[in-house]
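Let me begin by presenting the structure, written as structure tokens, before commenting on it.
The values are calculated or read from the model by the stated rules, or taken from the named source; none is laboratory data. Owing to the predicted nature of the structure, the values given are computational and were not obtained by experimental measurement. Quick reminder, even Gly has a Cβ in these numbers, built from the backbone with ideal geometry, and neighbours come from all protein chains shown.
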Amino acid sequence: MGLLDWAKGQFIDIIEWTEPSQNEILAHRFTRHKNEIKNGAKLVVREGQAAGFVKEGQLADVKMPGMYTLDTKNMPILSTILGWKYGFESPFKCEVYFISTRQWTDQKWGTQNPIMVRDPEFGPVRLRAFGTYAFKVTDPGTFLKELVATDPSFELYEISAQFRNVIVSRFIDTLGSAKIPMLDLAGNYEKVSKVAMERIAPELAKMGISLTQFFVENISLPPEVEAALDKRSQMAVLGNLDQYAKFQTAEAIPTAAANPGGIAGLGAGLGAGVAIGQQMGGALAGAAGAPGTVTPGNTTPPGAASPAPASAPPPLPTPVAYHAAIDGAAAGPFDMAALADHVKNGKLTRSTLVWKPGMAAWTAADMVPELQPLFAHMPPPLP
């Protein structure tokens, strides 16, 4: 065998690419010595692949999955570019790029900065969003010309940032034009995803790529806004705050009754709460009837004096009631007649501790001016 025959046997006669599973390669250039391909060589293109031929910087042909014999019968475009009158009787030089056309799933996208939108209920708010998408190369020729160019190994990371920028930009447009209230977004993720996908797809199609799936996983508020919204939700759950305060007081009485000091503190807290409530009510009433303001039901023109309130008798006095520490436990409340009976039977003495709402602490009975008449007929304790 001569030197020429040996050299001919070194040319590639099988062209194929097995994509490494651990790598995210979108396009791979088949390597061989001086790009020489033997006439009649076999080309193997597997499912999920396409093969592009580049000759003298020009895309000559694209082959889809299958097995091909490289000759003038099935590569007329390449034959025209080469311009050989002998029909590929000798080896030829050509670059072969394998392009992955399988679907790439579970690709992440998200907003780096909050999106400012106008909510119909809360006004201007900032939203963050993230999710996943899937894509595939559907036009290998365009993909090769627009993105791969002469890159011998074009990987996913080289284009993922550009994909995210396109997706986030079009998603912001979608979210701003949808005008969906913030609290209703959770029930409209599918609708938002569909509209966003329709806007993103034309941008990726310019690069020979199709967006096959697009999902919105979450749209959230900044932490400080979420905290304020949680407070508002808590108030809505509580409902009538006055009724809730009364319920809390009723729940605390049994625990406070077991501790005399606790009863005193509870009474002081109740008194302060009632006083604050009365002050707030008076302030609101004064603001509603202030000159220059017109409130519903108030026909007084601005600047005119408010009519005098209708005279009404004062409320009937309520009987005074005291709690007393009898037999080592808090008892009562007792009105003055009941306290007098306890004095007669000896259960209530001058040193017995008593308390009523408004008192700061439990006090001996003879130290309370209102109760001193009960002991007027009794001699003072011996010195």
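Checked against the criteria, A201 does not count as of a type in the set (A, V, I, L, M, F, W, C) and more than 18 Å from T132 (Cα to Cα).
A129 meets the conditions (1) outside the structural domain of L43 (by TED's automatic domain parsing); (2) over 21 Å from the mean Cα position of the chain (by Cα); (3) part of a strand (DSSP E or B); (4) not hydroxyl-bearing (S, T, Y) in every case but one. The failed one is (2).
Would you call T174 surrounded by 14 or more Cβ atoms within 10 Å (Cβ to Cβ) and either of a type in the set (F, W, Y) or in a helix (DSSP H, G or I) (or both)? Against the criterion (surrounded by 14 or more Cβ atoms within 10 Å (Cβ to Cβ) and either of a type in the set (F, W, Y) or in a helix (DSSP H, G or I) (or both)), T174 qualifies. On inspection, V225 qualifies as surrounded by 12 or more Cβ atoms within 10 Å (Cβ to Cβ) and not in a strand (DSSP E or B). The set of residues in the range 142-157 being surrounded by fewer than 15 Cβ atoms within 10 Å (Cβ to Cβ) and assigned to a helix (DSSP H, G or I) consists of E146, Y157. Taking first residues from the range 155-167 that are farther than 15 Å from E24 by Cα and partners that are at pLDDT 90 or above, the Cβ contacts under 6 Å between residues at least 6 apart in sequence or on separate chains come to R164/W109; V166/E203; I167/W109; I167/I200. Of the set (1) over 30 Å from H28 (Cβ atoms); (2) within 16 Å of the chain's Cα centre (by Cα); (3) not aliphatic (A, V, I, L, M), all apply to G110 but (1).
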